[in-house]
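Enquirer: Submitted below is the structure of interest, expressed as structure tokens.
The values are calculated or read from the model by the stated rules, or taken from the named source; none is laboratory data. Since we're looking at a predicted model, the values are computed, not measured. When we count neighbours, we look across all protein chains shown, and the Cβ atoms used for this are built from the backbone with ideal geometry, even at glycine. Side chains are part of the model used for accessible areas, which takes the heavy atoms of the whole protein and leaves out ligands, DNA and RNA. Shrake-Rupley method; radii C 1.70, N 1.55, O 1.52, S 1.80 Å.
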Amino acid sequence: MSNSNHESPLVEPLFGRLSAGGLRNMADTLRGEAMGGVLLIAGAVLALVWANSPWQDSYATIRDTVIGSEPLHLDLTVGEWAADGLLAVFFFVVGVELKREIVTGELRRFSTAIVPVAAAVGGMAVPAVIYLAFNLTAADGAPHGWAIPTATDIAFAVAVLALVGKWLPASLRAFLLTLAVVDDLLAIVVIAVAYSEGLTLLWLLAAAGCVALFALLVRRGITSWYLLIPLAVLTWYAMHSSGIHATIAGVALGMVAPAVPLRGKAADRLPRQLSRDASVAEFFEHLWRPISSGVVVPIFALFTAGVSVDPSVLGEALADPVLHGVALGLLLGKPVGILAATWLISRTRHANLAPGIGWSDVLGVGALAGIGFTVSLLVAELAFGVGHERDEHAKIAVLSASVLAALVGSAILWWRGRIHRAQGTSGVVDDDENAE
């Protein structure tokens, strides 16, 4: 049921019209992530089938094979390289997305940023509380896994949204995407603070110096791969050696990319394929999103989602408070937290929902945000260690809850989409036009 009260002329309605920058950012994200979500799901399904097939030993052998130099502290398993190394590319794209949203998108103004930011905070706080409610009261609880159900997977959520959300208002689709970007930022902060080990200040300063040099180069229009890629690898290595999770390097590099078009001599140095009206951040996102969505995330899923689902393991998992906390945190905590935070903003700012938008729409988005997947699987490994039985239990909860959240969220949004189409309130956006 939509809110039909008249809004104050000084207060923007919740989920009103998007800015031009917000529309363009949303179109870029929808175009790039939808196929990536399909590949992500394919990688996870392949991992589950392989890990539960007669060839399951080969899966564990490949995943646990150590590659790299021990003196350089790079003797990581294939699974760790996928999580710590390849996933840095995914977080680089997240950093670039966040920078664009802050500079040209819905996060650039307080009036439009407060709703997705508050929703993201609520959507992380309530799942964490639910997880702790199970694990602080149980004798065999594991409270340090509290961050596992707090993340939203952009690629998976966008893949579902692309299937069922065509007739949803553009502002509602942008809300989910912006919320997921903020959610990723908060998850990155959690990873950096709660799951880092033995901080080494000199290596951290070295990483900061590399990021500063990267920022200087790109702000001068220097985007040569033979300079930036080695510098990015060096940044990753310094961050890895500092004790902070290495993927944070990707976020830091993405955040320093200019999100407005360069001018003067700096613009003259840019590659020809970069339009004079496009920013370096936009160029990096177009360049690296296909690699992140089409290669990095599916490989990560392949070497992370392969958990055994035989009856004995399932029986142990179902008795584990970790599974209860993660599953209910994603399925129940995410929609409740997002809906409650959005409602609270509407009350404190005296802002009504935009015409045609109902609280059922927000509930559907909140349910879809319960798709944890990529970051949740990563946090499970950081909390318990690869191969630990509780890591397996947490992953079973993440996978099953993500699938159920996708089904529930898509059902609600499909139903709401039909209503918006009938009422003529969908505001369908032509992605190709917005990309121009």
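Enquirer: Can you name every residue in segment 99-110 that is farther than 25 Å from residue 346 by Cβ and either open to solvent by less than 30 Å² (accessible area, probe 1.4 Å) or under 15 Å from the mean Cα position of the chain (by Cα) (or both)?
Expert: 99, 100
Enquirer: Which of (1) under 30 Å from residue 177 (Cα atoms); (2) open to solvent by 20 Å² or more (accessible area, probe 1.4 Å) is the odd one out, the single condition residue 113 does not satisfy?
Expert: (2)
Enquirer: Is at least one residue of segment 303-313 over 29 Å from residue 100 (Cβ atoms), in a helix (DSSP H, G or I), open to solvent by 10 Å² or more (accessible area, probe 1.4 Å) and in contact with an Asp or Glu (Cβ under 7 Å, 6 or more places away or on another chain)?
Expert: yes
Enquirer: Kindly check whether there is at least one residue in segment 152-166 that is over 28 Å from residue 42 (Cβ atoms) and either at pLDDT 90 or above or assigned to a helix (DSSP H, G or I) (or both).
Expert: Among the residues of segment 152-166, not one is over 28 Å from residue 42 (Cβ atoms) and either at pLDDT 90 or above or assigned to a helix (DSSP H, G or I) (or both), which makes the answer no.
Enquirer: Collect the residues in segment 319-328 that are over 17 Å from residue 403 (Cα atoms) and open to solvent by 60 Å² or more (accessible area, probe 1.4 Å), keeping them in residue-number order.
Expert: 319
Enquirer: Can residue 89 be described as buried (at least 16 other Cβ atoms within 10 Å of the Cβ) and within 19 Å of residue 155 (Cα to Cα)?
Expert: Yes; evaluated as a whole, the condition is true for this residue.
Enquirer: If you don't mind, another one. Does residue 223 satisfy the criteria of being among the polar types (S, T, N, Q), within 19 Å of residue 89 (Cβ to Cβ) and part of a loop (DSSP other than H, G, I, E, B)?
Expert: Yes.
Enquirer: Now for a separate question. Have a look at 308, 275, 292 and point out the one that is modelled with pLDDT of 85 or more and among the small types (Gly, Ala, Ser).
Expert: On inspection, the qualifying residue turns out to be 292.
Enquirer: Report yes if residue 331 is open to solvent by 20 Å² or more (accessible area, probe 1.4 Å), touching a residue at least 12 places away in the same chain (Cβ under 8 Å) and touching a Leu at 6+ places or on another chain (Cβ under 8 Å), otherwise no.
Expert: Here the answer is yes, as residue 331 does meet what is asked.
Enquirer: Then there is this: Looking at segment 374-405 only, could you name the residues that are within 24 Å of residue 293 (Cβ to Cβ), open to solvent by 10 Å² or more (accessible area, probe 1.4 Å) and not hydroxyl-bearing (Ser, Thr, Tyr)?
Expert: 381, 382, 386, 399, 403, 404
Enquirer: Specify the residue that is nearest to residue 262 (Cα to Cα); the eligible residues are those in segment 200-226 that are hydroxyl-bearing (Ser, Thr, Tyr) and surrounded by fewer than 16 Cβ atoms within 10 Å (Cβ to Cβ).
Expert: In this case the residue turns out to be 224.
Enquirer: Go through segment 183-197 residue by residue and tally those that are outside any helix (DSSP H, G or I), surrounded by 15 or more Cβ atoms within 10 Å (Cβ to Cβ) and of a type outside the set (Phe, Trp, Tyr).
Expert: Of the residues in that region, 1 qualify.
Enquirer: Let me ask something else. So, in segment 61-95, exactly how many residues are touching a residue at least 12 places away in the same chain (Cβ under 8 Å) and assigned to a helix (DSSP H, G or I)?
Expert: Residues flagged as touching a residue at least 12 places away in the same chain (Cβ under 8 Å) and assigned to a helix (DSSP H, G or I) within segment 61-95 amount to 20.
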